[in-house]
Amino acid sequence: RRAGVKVGMTKLQLERFPNIEVRYRSREQEDSMHHALLDCAHYFTPRVEDTATDSITLDLNGLSGLWGTPRAMAQKFFCAADKLGLDAHVATASNPDTAIHAAKADAGITVIAPGQEIKKLRSLPLHILSPSDEISETFDRWGLKTFQDLVRLPKLKVSERLGQEGVRLQQLAQGE
C-alpha cells in the first residue's frame, strides 16, 4: 500500500514496481496454517472463536492465575505461534473487535488497557474496519483517513449519511 499497490491490480500493472514480488495464494497452505493457529489457541483456552480466515479470538478472562498478566499471556501466545512458523499479530483488549483491529494494524504484540481503546486506535487507517466499497469511497471523498477522523464526526450526521453501517463503523473506531 505504501508503494502505491492496490488490490485488484493486474500482473502487468505490478511490473512497474521494482521491489514487488508477486506470490500466488495457496488455499491449502492457508487452511493448514489456520488450523495450526486454532490448535495453538486451544492450548491456552477452550474459549476460542474462529473469527475469519486470518483471525481468531481467545477469551482469556479468568485465566490470569494460569497465564499471568495480559501482556504475559500475549507474549506466550506469540511465542507459541512463532514456534509454528506463524508471523502472528497479537493484541489484547477489553473487547474482541478492538483487539482484532489493533492486531491487524501492528505486527508483534499490542496490549490495550481498559479505557485506553480510543487512544490506541485513533491513528489506525480506516481500511482496517473493512467498510463496504461505497462507504470507503465516501470516506475518501470526505478526506477521512484514520479512526480518529471518523470518531470526530457527529453521530447523527454519520447515521443520516451512512446509515447503520456507518454508525457501526464509528462505534468500532471508538473501541466499542
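The values are calculated or read from the model by the stated rules, or taken from the named source; none is laboratory data. The structure displayed is predicted, hence computed values, not measured ones. In this analysis, Cβ positions are derived from the backbone assuming ideal geometry, glycine residues included, and neighbour counts consider all displayed protein chains. We work out accessible area using only protein heavy atoms, side chains counted, and drop any ligands, DNA or RNA first. Shrake-Rupley method; radii C 1.70, N 1.55, O 1.52, S 1.80 Å.
Some observations on this one:
- Filter on LYS11/LYS120; LYS6/LYS119; LYS119/LYS155; LYS11/LYS157; LYS11/LYS145; LYS11/LYS104 - keep pairs with C-alpha separation over 30 Å: LYS11/LYS120; LYS11/LYS157
- Inter-part distance where segment 52-104 and segment 137-176 are each reduced to a Cα centre, Å: 27 Å
- The amide H of VAL111, built 1.01 Å from its N in the peptide plane, has THR92 as neighbours under 5 Å, considering only residues 5 or more places off or on other chains.
- Note that segment 138-145 has calculated 3J(HN,Hα) couplings of 5, 4, 4, 4, 7, x, 7, 10 Hz, one per residue in order, obtained from phi through the Karplus relation 6.51 cos²θ - 1.76 cosθ + 1.60 (θ = phi - 60°); glycine and proline are x.
- Percent of Cα-Cα distances greater than 25 Å, calculated over the chain: 45 percent
- Heavy-atom accessible area order for TRP67, TRP142, largest first, 1.4 Å probe: TRP142, TRP67
- DSSP beta bridges in the chain [antiparallel fraction, %, rounded to 5]: 50 percent
- Over the chain, accessible surface divided per residue gives 67 Å², non-protein components excluded, 1.4 Å probe.
- For segment 48-128, diffusion coefficient by Stokes-Einstein and Kirkwood Rh (Cα), 4 °C, 1.567 mPa s, µm²/s: 99 µm²/s
- DSSP-loop trypsin sites (Lys or Arg not before Pro) across segment 107-176, with at most 15 other Cβ within 10 angstrom: LYS145, ARG152
- Cβ-Cβ distance of ARG2 and ASP59, R₀ of 45 Å, FRET efficiency by 1/(1 + (r/R0)^6): the value works out to about 0.85.
- Considering only GLN116, GLN29, GLN148, the mean-square fluctuation computed in a Gaussian network model of the chain, springs between alpha carbons under 10 angstrom, is largest for GLN29.
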